[in-house]
Amino acid sequence: MGNSDDRKTEPEAPYSIPVLLRGGPDWIAIPRTWQVRSLESEPKVKILCGNAYEHFEFSGLYSIHEGEEFPVYRWSCRTYVAE
């Protein structure tokens with residue numbers, strides 16, 4: 001049985017579409033790209049960062065990253081983990 005430090009911050013398979021994450025406070029350490037099932041089923045994502053979740057929403061825009069076009073998810077808010 002794991003403790004609370006064992007929580008995953010990466011999405012679980014089977015995800016298939018890479019998206020770019022943009023915005024949010026400069027001090028949060030989040031990956032630059034993330035995986036979602038589809039833009040329709042996951043127009044919003046939340047990523048656990050410490051004791052809070054960083055929320056991102058599909059912006060409707062696309063951007064070129066490392067020579068490929070990706071959907072852009074923009075930071076929308078932070079919520080805190082309930083204790």
Of the stretch 49-80, those with amide N under 17 Å from the point 7 Å along the Cα→Cβ vector of A29 are 49-54
Mean projected area, convex hull of alpha-carbon positions in the stretch 29-83, reported to one decimal in nm², is 4.3
Under the Karplus relation with 6.51, -1.76 and 1.60 and θ = phi - 60°, whole-Hz ³J(HN,Hα) for the stretch 22-36, x at Gly and Pro, equal 10, x, x, x, 5, 7, 7, 9, 10, x, 6, 10, 9, 10, 10
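Only the coordinates and a few stated rules stand behind these numbers; no lab work does. Everything numeric here is computed off the predicted structure, so don't read it as measured data. Reconstructed Cβ throughout: ideal geometry from the backbone, glycine too, with neighbour counts over all protein chains shown.
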